[in-house]
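In what follows, a single structure is set out as structure tokens and then discussed.
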Amino acid sequence: MSQESWGPKWTATVGAQVRMLREPAGFGSVQKLADRCAVLGFPIPRSTIANMENGQRPNVTVQEVAVLAAALGVPPVRLLYPIREGATAIEVLPTIEQLPFDALEWFVGLNGLTEELPSNTDDLDLVREEGRLARDVVGWMAQRAQAVDTVERAAAGLPSSGPAATQDDVDRLRARVAAARDALREHREKMRARGVVPAGDVDA
């Protein structure tokens, strides 16, 4: 497919997704969706959305995709790739076809596009690993808090709805929290050394 026809076809795909998602999201008319976009701070005229839905718009901007997705309550990538049509290949680039889910994974940095067109996901991998380590910290902290509550209630002669726990369990979970926080701290230092800004620290 030529560059001239690929752009409008992709825009038509976005429009078709907007049309399919609009009514289930509670927008019975294009005008209501346009009004919601305006409330979100980036007005998109009713005629623009209507032309997009009808496949009569030659292009769509990143800003429009982001605001329409927010208004419809879906991730922006959901408008770009028709994942409900999983068995139908789509044109990711004018000369490359892939299944929608494979294209989506490339777009969000999970995989390369092709062997000839790999994607460097090192920075994204660091961010994803930080998220995993942060969730570990939160998970161990929650278990520690539950164990502390159970032990304190038992000492006071009060019933507890949580699993049985002893002071040894509390000490073990405190050690797990400390180890998880150390791992997260070390990873964030690695991120900074690579020039990647870590997310906010997890409160103790």
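Condition check ((1) over 23 Å from residue 197 (Cα atoms); (2) in a loop (DSSP other than H, G, I, E, B)) across all residues:
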{"position": "109", "(1), (2)": "no, yes"}
{"position": "125", "(1), (2)": "no, no"}
{"position": "154", "(1), (2)": "yes, no"}
{"position": "184", "(1), (2)": "no, no"}
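Which one is modelled with the lowest pLDDT among residues in region 75-107 that are out of contact with any helix residue (DSSP H, G or I) (no Cβ under 6 Å at 6 or more places or on another chain) and of a type in the set (Ser, Thr, Tyr)? Per the stated criteria, the residue is 88. Among the residues making up region 89-125, a single one is in contact (Cβ under 8 Å) with a residue 40 or more places away in the chain and buried (at least 17 other Cβ atoms within 10 Å of the Cβ): 90.
So residue 196 passes all but one of these: (1) aliphatic (A, V, I, L, M); (2) touching a Leu at 6+ places or on another chain (Cβ under 6 Å); (3) part of a helix (DSSP H, G or I). Which condition number does it fail? Condition (3) is where residue 196 drops out.
Count, please, the residues in region 61-81 that happen to be among the hydrophobic types (A, V, I, L, M, F, W, C), crowded, with 18+ Cβ neighbours inside 10 Å and more than 15 Å from residue 22 (Cβ to Cβ).
Just the residues of region 61-81 that are among the hydrophobic types (A, V, I, L, M, F, W, C), to begin with: 62, 65-72, 74, 77, 79-80.
Subset that is crowded, with 18+ Cβ neighbours inside 10 Å: 65, 67-69, 71-72, 79-80.
Those still in the list that are more than 15 Å from residue 22 (Cβ to Cβ) too: 80.
The qualifying residues number 1.
When 70, 142 are checked against the criterion of being of a type in the set (Gly, Ala, Ser), over 19 Å from residue 8 (Cα atoms) and within 14 Å of the chain's Cα centre (by Cα), 70 stands alone in meeting it.
Residues in region 139-195 that are closer than 26 Å to residue 123 by Cα and surrounded by fewer than 13 Cβ atoms within 10 Å (Cβ to Cβ): 182, 186, 189, 192, 193, 194, 195. Kindly establish whether residue 114 is hydroxyl-bearing (Ser, Thr, Tyr), over 24 Å from residue 190 (Cα atoms) and touching an Asp or Glu at 6+ places or on another chain (Cβ under 9 Å). Spelling it out, it is not the case that residue 114 is hydroxyl-bearing (Ser, Thr, Tyr), over 24 Å from residue 190 (Cα atoms) and touching an Asp or Glu at 6+ places or on another chain (Cβ under 9 Å). Of the residues 57, 46, which is surrounded by 15 or more Cβ atoms within 10 Å (Cβ to Cβ) and either among the hydroxyl-bearing types (Ser, Thr, Tyr) or in contact (Cβ under 8 Å) with a residue 24 or more places away in the chain (or both)? Matching residue, one of 57, 46: 57.
The values are calculated or read from the model by the stated rules, or taken from the named source; none is laboratory data. Quick caveat: nothing in here was measured; it's all calculated off a predicted structure. Ideal geometry is used to build each Cβ from the backbone, glycine not excepted, and the neighbour counts take in all protein chains shown.
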